[in-house]
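Just so it is clear, none of the values below were taken in a lab; they were calculated from the coordinates. Here the structure is a predicted model, which means the values were calculated and not measured. Neighbour counts run over all protein chains shown; Cβ positions are idealised from the backbone, glycine included.
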Amino acid sequence: HRLYDVENRLWIASDKISPDTRCTTLNGFSYVEKVHKIQNPMSEKVYTLTVELQNFFANQILVQG
């Protein structure tokens with residue numbers, strides 16, 4: 001998913017997010033504090049959602065599907 005960067009007014013891929021990126025949340029906005037990649041040696045199935053507007057809140061952060 002991509003997150004909306006409020007300051008630069010663009011969508012950023014989650015693997016390109018950096019600390020201090022300002023993201024839209026349900027309560028207004030919030031800054032990213034830390035970014036870390038989770039490595040899972042046991043591959044697990046993951047799913048993506050397709051929604052009508054393609055933008056939705058995941059864990060209270062605005063993302064683009």
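Estimated from the Cβ-Cβ distance and a Förster radius of 35 angstrom, the FRET efficiency linking SER18 and MET42 is about 0.80. Here the gap between LEU10 and PHE56, fully extended at 0.36 nm per residue and compared with their Cα-Cα distance, gives a gain of 15.0 nm. Across region 5-17, rounded Karplus estimates of 3J(HN,Hα) from the backbone phi angles (6.51 cos²θ - 1.76 cosθ + 1.60, θ = phi - 60°) give 8, 5, 4, 9, 6, 8, 8, 10, 4, 4, 7, 10, 5 Hz, Gly and Pro being marked x.
Judged by the mean number of other Cβ atoms found within 10 Å, the most tightly packed of the peptides 8-16, 31-39 leads the ranking 8-16, 31-39.
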